[in-house]
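Everything on this sheet refers to the single structure shown next.
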Amino acid sequence: MAWSTREVAELAGTTVNAVRHYHRVGLLAEPERRHNGYKQYDVQHLVTLLRIRQLADMGLSLAQIAELDRDGDLDPEMMRQLDAALSAKVEQLGEMRSTIATIIRGDAPAHVPAGFESVASRLSEIDTSLLHVYGQLYDDDVLKDFRRMAEADTDLIGRELEALPPDADEAARRHLVERLVPALVQRLVDYPWMRDPVARLSTGKHSNRQTLADAMAVFYNAAQIDVLRRANTIAFRQLGLKVPELN
């Protein structure tokens, strides 16, 4: 039995371009040609294509597939790395399904940051926006801490801060500062990394620090930033710590 390039591609569940690419990278031997010059593929070509597809579906790159020996064995360490990558992917997919299920039930809006569905009702609009930014700047451990903070914020101070107008008078600002300080002090005790949050930023600290500062300037008005600065300063001084700059 002999097939054309299109026919063998269809049988293998792939494309003509993929077949040609496998020829170019040396994964698939060139077949003989008919008298009219067209290639004719046999069963062995089909089997090779099916094996390539199987290995690619497992997550192997074409370069890794090329490393297979005659017995089809791969380096054990490579397989362990592949297994670890697949395990992480399965976990990620599981989390995504959990997120979708939460949204379907109506327990959280679709725009809530992944992992924060259980505390969605506690998040202000600013919280939600900032958490999306934090997700790009901090690692998973820091994000888990932010979730714990949201769970512990029984007084929902964030919503009070969000409601503060840009022209808030001194009395309103002082009242909110007094409300914020105990919570900030407790956070600095419970989460020591918050004493120097810039140190926990991911790679590219300079640009990420600027991104963080820009986000604060966009999402908070002048009165809110003033309250945060003042409350932050008092909290640090109460603990005898050096006050870092907010931006």
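Restricting attention to the stretch 221-247 and to residues that are in contact (Cβ under 8 Å) with a residue 12 or more places away in the chain and either small (Gly, Ala, Ser) or touching a His at 6+ places or on another chain (Cβ under 7 Å) (or both), the residue that is surrounded by the fewest Cβ atoms within 10 Å (Cβ to Cβ) turns out to be ALA222. Return yes or no: is VAL133 touching a Lys or Arg at 6+ places or on another chain (Cβ under 9 Å), under 22 Å from ARG229 (Cβ atoms) and β-branched (Val, Ile, Thr)? No, not satisfied. Counting only residues that are in contact with a Lys or Arg (Cβ under 8 Å, 6 or more places away or on another chain) and closer than 21 Å to LEU68 by Cβ, the stretch 1-57 holds 5 of them. Sub-7 Å Cβ pairs linking a first residue in the stretch 28-51 that is surrounded by 11 or more Cβ atoms within 10 Å (Cβ to Cβ) to a second residue that is part of a strand (DSSP E or B) and of a type in the set (Ser, Thr, Tyr), at least 6 apart or interchain, are PRO31/TYR41, ordered by first then second residue. Selection of the stretch 34-46 for residues being more than 18 Å from HIS21 (Cβ to Cβ) and either out of contact with any Phe, Trp or Tyr (no Cβ under 9 Å at 6 or more places or on another chain) or not polar (S, T, N, Q) (or both) yields ARG34, HIS35, ASN36, GLY37, TYR38, ASP42, VAL43, GLN44.
For the stretch 110-162, filtering for residues that are outside any helix (DSSP H, G or I), among the acidic types (Asp, Glu) and under 15 Å from the mean Cα position of the chain (by Cα) leaves 1. Taking the conditions exactly as written (exposed (fewer than 13 other Cβ atoms within 10 Å of the Cβ) and either among the hydrophobic types (A, V, I, L, M, F, W, C) or not in a helix (DSSP H, G or I) (or both)), does VAL218 satisfy them or not? Judged against the criteria, VAL218 is a match. Of all residues in the stretch 163-215 being among the β-branched types (Val, Ile, Thr) and part of a helix (DSSP H, G or I), which is nearest to ILE234 (Cα to Cα)? Looking at residues that are among the β-branched types (Val, Ile, Thr) and part of a helix (DSSP H, G or I), I get VAL181. Within the stretch 38-64, the set of residues being among the basic types (Lys, Arg) and closer than 15 Å to GLU10 by Cβ comprises LYS39, ARG53.
Any read-out appearing in this document is the output of simple, stated calculations on the displayed coordinates, not a laboratory observation. It should be emphasised that the depicted structure is a prediction, and the values quoted were computed from it without experimental measurement. With ideal geometry, Cβ positions are generated from the backbone for all residues, glycine too; neighbour counts draw on all protein chains shown.
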